[in-house]
Amino acid sequence: MTEVIDGNAVAEDVRGDLEDGIETLADAGVRPGLATVLMSDDPASETYVSMKQRDCEEVGIEGIHVELDADAPAEDLYDTVADLNADPEVHGILVQMPLPDHVEDREVLRAIDPEKDVDGFHPENVGRLVAGEPRYRPCTPHGIQKLLDATGVETEGKDVTIVGRSNIVGKPLANLFFRKAHDGNATVTVCHSRTTDLEAKTRCADVVVAAAGVPEMIDGSMLTEETVVIDVGINRVDADNEKGYELVGDVDFESAKEKASAITPVPGGVGPMTRAMLLYNTVKAAGRQEGVAVDLP
Ligand code: NDP
């Protein structure tokens, strides 16, 4: 029987694990604060940010939300980030991507105080991750590690194939997986759009992580009975329903489920974990900045 890994349930456990930390902070007179910044008219981005704000409210994190017009000058965004960097009630800052074309993503990420960079994308935090000493693990890769751990899948000595080499998923995940650590120690293959014979790379892996942004590109024929499949993809495809679309992953769920040993669904797999790990990083950031020892699993 293929196990369908329930990301909602694991995310709920992570949120539960944060309760003690939030209480420890409260005893010290600290309420963790997460600022979200939206500079976009994209409805999907608006939804993501409002979900993150709702998550904060539910667990007792102070949510601060700043919205800028999508055509505002880039300087307005830098000024906002500078204000949030200086605000002692803000422990984490998340600038929702993608940004408008006239704003340089990398410059904005650089402007965020690395201590408040709960996404883990500031070059200093990327460097620490590559050096094997992450300050904040990027949310999606960390969420994937937690999902595997909760499923009882160890990576030590295993072969992992990651399809996708982006800065937000593929690259940081590869670094975490081959890190010399109990939840790392895997042998990692990272594939991308120029990879030849992708099937050979997925079929020889114990764990396959699909993060390419290509709807249902990995199917059952590319897996074995032993493969654990983590589907990061979130793709809108046309559908004959009220919304006119549905969300599918990068994995063809039906055929993969027939073959693999375990698989995450879309939605309800990696997505809820990404959100939960943002809360985790915010609580961790509050502890670090306020000098309060917060015990997080
Ligand atoms: P990017 O577009 O930044 O990167 C995609 C990567 O996949 C690139 O490295 C690209 O290769 C590679 N790729 C594209 N096509 C192929 C192919 N046919 N074969 C092999 N590799 C290919 O995407 P992201 O990393 O930002 O996101 C990936 C997916 O994950 C998206 O669907 C996104 O919506 C989703 N996502 C989900 C999250 C969640 O919480 N569940 C969080 C973040 C993203 P190359 O480098 O050569 O271009």
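Among the candidates K243, K257, the residue that is touching a Ser or Thr at 6+ places or on another chain (Cβ under 8 Å) and of a type in the set (K, R) is uniquely K257.
So, T36, is that one under 17 Å from the mean Cα position of the chain (by Cα), under 18 Å from V118 (Cα atoms) and not hydrophobic (A, V, I, L, M, F, W, C) or not? Spelling it out, T36 is indeed under 17 Å from the mean Cα position of the chain (by Cα), under 18 Å from V118 (Cα atoms) and not hydrophobic (A, V, I, L, M, F, W, C).
Within region 285-297, does at least one residue satisfy the condition of being over 29 Å from E156 (Cβ atoms), under 24 Å from the mean Cα position of the chain (by Cα) and more than 11 Å from the ligand (Cβ to nearest atom)? Yes, the conditions are met somewhere in region 285-297. Among residues of region 206-230 that are buried (at least 20 other Cβ atoms within 10 Å of the Cβ), those with a Cβ under 9 angstrom from a residue that is polar (S, T, N, Q) and in a strand (DSSP E or B), sequence gap 6+ or separate chain, pair up as V207/T161; V208/T161; V209/T161; E216/N235. Taken over region 52-62, the criterion of being touching a residue at least 40 places away in the same chain (Cβ under 8 Å) and closer than 24 Å to A82 by Cα is satisfied by K52, C56, I61.
For region 108-115, the condition holds for no residue, the condition being that it is touching an Asp or Glu at 6+ places or on another chain (Cβ under 8 Å), within 25 Å of N8 (Cβ to Cβ) and at pLDDT 95 or above.
Taking region 175-217 as the range and being within 7 Å of the ligand (Cβ to nearest atom) and among the aliphatic types (A, V, I, L, M) as the test, the residues that pass are L198, A211, A212, V214, M217. Counting only helices (runs of 4 or more DSSP H) wholly contained in region 100-185, the ones carrying 1 or more residues that are polar (S, T, N, Q) and touching a residue at least 12 places away in the same chain (Cβ under 8 Å) occupy 139-151, 170-178. In region 148-174, of all residues being on the phi > 0 side of the Ramachandran plot and surrounded by fewer than 17 Cβ atoms within 10 Å (Cβ to Cβ), the one that is nearest to the ligand (Cβ to nearest atom) corresponds to G152.
Is it the case that some residue within region 46-67 is hydroxyl-bearing (S, T, Y) and either outside the structural domain of L278 (by TED's automatic domain parsing) or more than 21 Å from the chain's Cα centre (by Cα) (or both)? Scanning region 46-67, I find no residue that is hydroxyl-bearing (S, T, Y) and either outside the structural domain of L278 (by TED's automatic domain parsing) or more than 21 Å from the chain's Cα centre (by Cα) (or both), so the answer is no.
Counting the residues of region 138-174 that are touching a helix residue (DSSP H, G or I) at 6+ places or on another chain (Cβ under 7 Å) and of a type in the set (G, A, S) gives 3.
Do you know which residues across region 1-34 are in a loop (DSSP other than H, G, I, E, B) and among the hydroxyl-bearing types (S, T, Y)?
Filtering region 1-34 down to residues in a loop (DSSP other than H, G, I, E, B) leaves 1-2, 5-6, 28-32.
Within region 1-34, just T2 meets the criteria.
Each residue in region 175-189 was checked for being buried (at least 21 other Cβ atoms within 10 Å of the Cβ) and in contact with a Lys or Arg (Cβ under 8 Å, 6 or more places away or on another chain), and 2 of them qualify.
Of the residues that sit in region 247-265 and are crowded, with 23+ Cβ neighbours inside 10 Å and either without any contact (Cβ under 8 Å) to a residue 60 or more places away in the chain or at positive phi (or both), which one is farthest from the ligand (Cβ to nearest atom)? Per the criteria, the residue is A256.
Being in a helix (DSSP H, G or I) and surrounded by 13 or more Cβ atoms within 10 Å (Cβ to Cβ) is the filter here; which residues of region 35-50 pass it? Correct list: S45, E46, Y48, V49, S50. Among the numbered conditions (1) surrounded by 13 or more Cβ atoms within 10 Å (Cβ to Cβ); (2) over 25 Å from V30 (Cα atoms), the only one that H102 does not meet is (1).
Considering only residues in region 275-297 that are touching a Ser or Thr at 6+ places or on another chain (Cβ under 9 Å) and surrounded by fewer than 24 Cβ atoms within 10 Å (Cβ to Cβ), the one that is nearest to D87 (Cα to Cα) turns out to be G287.
The values are calculated or read from the model by the stated rules, or taken from the named source; none is laboratory data. Not measured: the values here are computed from a predicted model. Quick reminder, even Gly has a Cβ in these numbers, built from the backbone with ideal geometry, and neighbours come from all protein chains shown.
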